[in-house]
Amino acid sequence: MIFLVRWVRGRRRRAAGIAGSPNDHELDAQFESTFAEEPTGGLVHRLRSSDVALVAEREIRERLRGRAFRVVTLLLLVVVAGATVIPAITKSTSTAEHVGVVAASKSEIVLVRSVGRAVGARVAVTRFSSPAAAERALRDGTIDLALVGESEILLDSPLSSTDTSARAELARTLSQVVGQERAYASAGLTPAQIAAVSSPRLVPLRSLQPAKPSSPGRSTALIGIILVFVMLTQYNTWTLIGVMEEKSSRVVEVLLAAIRPLQLLAGKVLGIGAVVLAQAGLVVAVALLLGAAVGSDLLTGAAPLVVVTSLLWLVLGYSFFCWVYAAAGSMAERQDQVQTLALPLGLPLIIGYILALTTLSSGSAPIWFQVLGYLPPTAPFAMPALVGLGAVSWWQVVISCIVTVTATVGVARLAAVVYRRAVLRTGRRVGLRELLNQPG
């Protein structure tokens with residue numbers, strides 16, 4: 001290994017026509033310490049025997065044993081577990097609305113319970129002998145509201161116009177129903193007349209437009225898009241920084257003495273991609289197991305299709321963007337240059353992410369957003385959202401996949417050219433136009 005380092009250094013000195021510098025031994029020691037952990041004969045022998053697979057294996061090992069990978073994986077698992085379990089637990093443990101009735105008859109108790117069923121609230125009725133006793137229970141928090149005959153409904157605090165809680169809906173509906181009953185009694189209607197007025201025959205509703213298909217996968221699509229954004233941002237940034245660090249430390253000179261640039265770049269991309277797929281698979285498996293255990297409806301209806309689509313576009317999105325980030329990393333050699341590149345590179349991700357969340361919140365997909373589903377930079381976010389909304393068919397997803405794969409091939413070829421021409425050029429940041437205009 002030391003011989004290889006010195007040979008590479010000597011070749012560079014001879015090409016430049018200069019003698020060895022006092023820093024040569026320091027750089028040799030840096031290269032030697034960088035690969036001191038490589039077993040079984042050193043890096044060069046293993047690169048020549050397995051090439052791309054070895055580079056991928058090295059990337060997988062480095063990412064899996066890093067603290068950042070473990071922390072991010074744990075956070076993703078916590079978020080997915082919370083999104084799966086909390087709604088199911090909240091739904092199954094919804095508390096009853098406690099209603100007090102003062103000197104009530106049996107008919108009034110039946111009325112309160114029927115109103116509760118009408119607004120979708122579970123009601124527990126407590127009888128009180130006087131309004132004062134009901135007021136004390138309200139102040140103590142024992143009951144949520146009290147019905148005092150047909151005269152009034154007592155609340156501990158006033159209702160705001162924006163309050164849509166079960167307590168508010170129950171109080172408003174109960175006030176309306178009791179007022180109607182009092183009006184019927186004041187008009188002297190017979191029980192048959194009251195029944196006829198209370199249960200009128202509804203006028204049928206007819207729509208000129210067909211009903212839009214329901215989209216039960218919206219919640220799943222929302223979570224999937226968030227995970228795709230987090231994972232793409234994380235792993236593409238790792239690719240960018242990893243290539244830059246190899247170039248700035250001049251480790252890449254040693255690597256390229258034993259392997260071609262395209263093989264090194266492909267191994268790095270495949271290795272990190274394998275870690276992306278493994279992490280995403282773990283998160284989805286935990287969500288499926290927890291959803292089945294708690295009976296969550298997060299993965300019912302069209303949601304399983306949304307899960308598959310999100311995984312597919314995570315892979316396709318990484319395949320498209322990773323080449324761009326790797327090529328950009330080969331053009332920089334300092335941390336401040338990486339920070340300058342990070343914003344323009346991540347802008348398509350941010351735009352696609354925000355537009356997908358906005359469209360999911362609105363519940364409908366306009367034409368311009370459907371077009372984004374066929375553009376490779378925004379398709380990883382637009383297509384899962386469109387599937388969650390039920391706005392695309394299977395053949396449209398296939399067409400979008402074909403477009404993205406074709407674009408990825410073109411981007412990979414361009415990135416390989418940029419990487420090969422830029423990764424060994426040190427001393428300053430290399431411009432893209434300069435690299436593309438360079439012959440060969």
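The values are calculated or read from the model by the stated rules, or taken from the named source; none is laboratory data. Please read these numbers as outputs of a predicted model, since none were measured by experiment. Please note: Cβ atoms are built from the backbone with ideal geometry, for glycine as well, and neighbour counts cover all protein chains shown.
When ILE259 is tested against (1) at pLDDT below 85; (2) outside any loop (DSSP other than H, G, I, E, B), just one condition goes unmet, and that condition is (2). Kindly evaluate VAL315 against the criterion of being aliphatic (A, V, I, L, M) and without any contact (Cβ under 8 Å) to a residue 24 or more places away in the chain. When the stated conditions are applied, VAL315 does not pass them.
Within the range 177-207, the set of residues being in a helix (DSSP H, G or I) and of a type in the set (Val, Ile, Thr) comprises VAL177, VAL178, ILE194, VAL197.
Within the range 361-377, does at least one residue satisfy the condition of being out of contact with any strand residue (DSSP E or B) (no Cβ under 8 Å at 6 or more places or on another chain), within 17 Å of THR237 (Cα to Cα) and not aromatic (Phe, Trp, Tyr)? Yes: one or more hits. Scanning the range 105-138 for residues that are assigned to a loop (DSSP other than H, G, I, E, B) and either under 16 Å from SER175 (Cβ atoms) or among the β-branched types (Val, Ile, Thr) (or both) yields VAL119, ALA121. In the range 159-176, of all residues being assigned to a loop (DSSP other than H, G, I, E, B) and among the β-branched types (Val, Ile, Thr), the one that is surrounded by the fewest Cβ atoms within 10 Å (Cβ to Cβ) corresponds to THR162. Inspect all residues belonging to the range 322-330 and state whether any of them is part of a helix (DSSP H, G or I) and within 23 Å of THR220 (Cβ to Cβ). For the range 322-330, residues part of a helix (DSSP H, G or I) and within 23 Å of THR220 (Cβ to Cβ): absent. Cβ separations smaller than 8 Å between residues 6+ apart or across chains give the following pairs from the range 160-182 residues that are in the same structural domain as GLY116 (by TED's automatic domain parsing) and of a type in the set (Ser, Thr, Tyr) to residues that are surrounded by 13 or more Cβ atoms within 10 Å (Cβ to Cβ) and not in a helix (DSSP H, G or I): THR173/VAL119; SER175/ILE153. The set of residues in the range 372-398 being free of Cβ contacts under 8 Å to residues at least 40 places away in the same chain and closer than 25 Å to TYR325 by Cβ consists of LEU372, GLY373, TYR374, LEU375, THR378, ALA382.
When the test is whether a residue is under 19 Å from ALA412 (Cα atoms), of a type in the set (A, V, I, L, M) and in the same structural domain as ALA81 (by TED's automatic domain parsing), VAL230 does not pass it. Only residues that are at pLDDT 80 or above, in a loop (DSSP other than H, G, I, E, B) and surrounded by 12 or more Cβ atoms within 10 Å (Cβ to Cβ): list them for the range 139-158, please. Answer for the range 139-158, where residues must be at pLDDT 80 or above, in a loop (DSSP other than H, G, I, E, B) and surrounded by 12 or more Cβ atoms within 10 Å (Cβ to Cβ): THR142, ILE143, ASP144, ASP156.
Taken over the range 164-183, the criterion of being modelled with pLDDT under 80 and farther than 17 Å from HIS98 by Cβ is satisfied by THR164, GLU181, ARG182.
Take VAL125 and decide whether it is surrounded by 13 or more Cβ atoms within 10 Å (Cβ to Cβ), β-branched (Val, Ile, Thr) and on the phi < 0 side of the Ramachandran plot. So VAL125 fits the description; yes.
For TYR318, the requirement of being part of a helix (DSSP H, G or I), under 27 Å from ALA83 (Cα atoms) and either of a type in the set (Ser, Thr, Tyr) or assigned by TED's automatic domain parsing to the domain that holds ARG250 (or both) is met. Given the structure, is VAL387 touching a Ser or Thr at 6+ places or on another chain (Cβ under 6 Å), assigned to a helix (DSSP H, G or I), surrounded by 17 or more Cβ atoms within 10 Å (Cβ to Cβ) and β-branched (Val, Ile, Thr)? Spelling it out, VAL387 is indeed touching a Ser or Thr at 6+ places or on another chain (Cβ under 6 Å), assigned to a helix (DSSP H, G or I), surrounded by 17 or more Cβ atoms within 10 Å (Cβ to Cβ) and β-branched (Val, Ile, Thr).
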